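What follows is a short report on a single structure.
The values are calculated or read from the model by the stated rules, or taken from the named source; none is laboratory data. Computed from a prediction, not measured in an experiment: that's the story for all the values here. Glycine gets a Cβ as well: all are built from the backbone with ideal geometry, and neighbour counts include every protein chain shown. Side chains included, ligands, DNA and RNA excluded: accessible areas come from the protein's heavy atoms. Shrake-Rupley method; radii C 1.70, N 1.55, O 1.52, S 1.80 Å.
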Amino acid sequence: MQEFIDAYTNAFNRYTDFAGRTSVGGFWRFAAVNFVATLVLIVLAQISWIFFVIYTIYLIALLIPSLAIAVRRLHDTGKTGWFILLGLIPLIGFIILIVFYVQPSVGPNEYGTGPQD
């Protein structure tokens with residue numbers, strides 16, 4: 001459980017760091033915590049409007065850290081961070097990004113020697 005919390009806090013601590021690399025595990029642990037937190041907030045938003053406000057604030061706060069960790073994950077696979085723009089292509093772009101995100105880390109590349117987390 002501590003690994004999930006560490007991956008989540010690490011993403012927020014490095015929210016402006018679009019350089020470097022993030023491991024497969026670090027990326028997916030961050031995604032899992034986000035998924036659970038979002039589900040909880042969606043359920044709570046059905047109960048009270050204040051939770052909808054909290055949910056909206058959470059999504060806005062999550063935007064930059066999520067982009068940063070996604071770019072670092074692409075760097076870990078040896079791809080440029082600009083590939084994140086594939087997500088703008090409906091469905092196909094999302095599928096391509098998922099394929100990139102699950103690929104194993106490559107050895108030392110232009111973005112560093114290995115994942116920093």
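Solvent-accessible surface of the chain, averaged per residue with a 1.4 angstrom probe and all protein chains in place: 60 square angstrom. Computed over the Cα atoms of the stretch 1-51, the ratio of the radius of gyration to the Kirkwood radius (Rg/Rh) comes to 1.10.
Per-residue ellipticity at 222 nm from helix content only, as computed over the chain with -39500 (n - 2.57) for each DSSP H run of at least four residues, stands at -22000 deg cm²/dmol. What's the angle, to the nearest 10 degrees (0 to 90), between helix 24-47's Cα axis and the longest principal axis of the chain? In the chain, helix 24-47 runs at an angle near 10 degrees to the longest axis. For the residues Arg21, Arg72, Arg29, a GNM of the chain with alpha-carbon springs under 10 Å puts the largest fluctuation on Arg29. Taking all C-alpha pairs of the chain, those more than 16 Å from each other amount to 62 percent.
Counting 0.36 nm for each residue step from Met1 to Ala19 and taking away their Cα separation leaves a gain of 3.8 nm. Can you give the local net charge around Val106? Use residues other than it whose beta-carbon is closer than 13 angstrom to its beta-carbon, Lys and Arg +1, Asp and Glu -1. That sum, taken over residues with Cβ under 13 Å, equals +1.
Under the simplified labelling scheme, the Leu88-Trp28 pair shows an inter-label distance of 2.9 nm, with each label point 7 Å from Cα along Cα→Cβ. Rounded to the nearest 0.05, the FRET efficiency derived from the C-beta distance between Ser66 and Val106 at R0 = 25 Å is 0.65.
Out of the total accessible area of the stretch 1-77 (probe 1.4 Å, heavy atoms of protein only), what percent is carbon and sulfur? After summing per-atom areas, the C and S share lands at 77 percent.
Entry note, the chain: relative contact order of 34 percent, from Cα contacts under 8 Å with a spacing of 6+ residues.
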